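Below is one structure; the comments refer to it alone.
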Amino acid sequence: MHRRSFLLLMAASGLTACQSSAARRPKAFADALAGPYRLDSGDRLRITVFEQASLTNTYSVDQSGHVTMPLIGSVPARGATTQELAGRIAGELRRGFLRNPDVSVEVDTYRPFFIMGEVRNPGQYTYVNGLTAQTAIAIAGGYGPRASEGWVEITRTINGETTVGLVPASDPVRPGDVIRIRERFI
């Protein structure tokens, strides 16, 4: 009987050790938070071309990662900052349409985040600035009855690559993140 208890205790401590070593957030997560926001599919942008009311509007980044505007057509936006996209649009407008276009791009609505697993209302939700995993869980109705409440798994696309990390619930969430709340073992 003592041997079985000992083995269960060792197995449990092994799982705890695995979880704590896997709990380190990937370096790419910190790098993504420190750098400027990068556009991707699902972002809605307010693009202003000064003194050109017919071009100024709200545009969406489509599934292929492009923004389509009158006169210039499709412009690549995926992975660009708002300043980089403004420069691309201005460059396209200079090609026979406007002499010295002044373009401004700002995010009107960020792409949604997704939450699944052991929460009461899994699904897609609107991203807001300052969102943490804990806040996202609250938006999704809170933890489910079998939820492991210590750490959350976040899947994030960074520079075109998908990265998965196990992070504390206090960690920030980014637009497009997929949050998974794991089931507890006990």
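The values are calculated or read from the model by the stated rules, or taken from the named source; none is laboratory data. This one's a predicted model, so the numbers in the text were calculated from it and none came from an experiment. Glycine also receives a Cβ, built like all others from the backbone with ideal geometry; neighbour counts cover every protein chain displayed.
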Can you find a residue in segment 77-89 that is surrounded by fewer than 18 Cβ atoms within 10 Å (Cβ to Cβ), of a type in the set (D, E, K, R) and closer than 26 Å to K27 by Cα?
yes
Among strands (runs of 3 or more DSSP E) entirely within segment 46-96, at least 3 residues that are more than 19 Å from T109 (Cβ to Cβ) and not basic (K, R) occur in 73-76
List the pairs whose first member sits in segment 79-93 and is touching a residue at least 24 places away in the same chain (Cβ under 8 Å), whose second member is part of a helix (DSSP H, G or I) and surrounded by fewer than 21 Cβ atoms within 10 Å (Cβ to Cβ), and whose Cβ atoms are under 9 Å apart, counting only residues at least 6 apart or on separate chains?
A80/G87; A80/R88
Of a type in the set (K, R), out of contact with any Pro (no Cβ under 7 Å at 6 or more places or on another chain) and without any contact (Cβ under 8 Å) to a residue 60 or more places away in the chain - does that describe any residue in segment 136-156?
yes
The residue from A28, A53 that alone is among the aliphatic types (A, V, I, L, M), over 25 Å from G130 (Cα atoms) and surrounded by fewer than 15 Cβ atoms within 10 Å (Cβ to Cβ) is A53
Output the number of residues of segment 158-186 satisfying the condition of being part of a strand (DSSP E or B) and either aliphatic (A, V, I, L, M) or touching a helix residue (DSSP H, G or I) at 6+ places or on another chain (Cβ under 9 Å) (or both).
12
Looking only at segment 12-37, which residues are at pLDDT 50 or above and part of a helix (DSSP H, G or I)?
K27, A28, F29, A30, D31, A32, L33, A34
Is it the case that G117 is under 30 Å from I47 (Cβ atoms) and out of contact with any helix residue (DSSP H, G or I) (no Cβ under 9 Å at 6 or more places or on another chain)?
no
Inspect segment 123-139 for any residue being under 23 Å from the mean Cα position of the chain (by Cα), surrounded by 17 or more Cβ atoms within 10 Å (Cβ to Cβ) and under 26 Å from T68 (Cα atoms) and give the result as yes or no.
yes
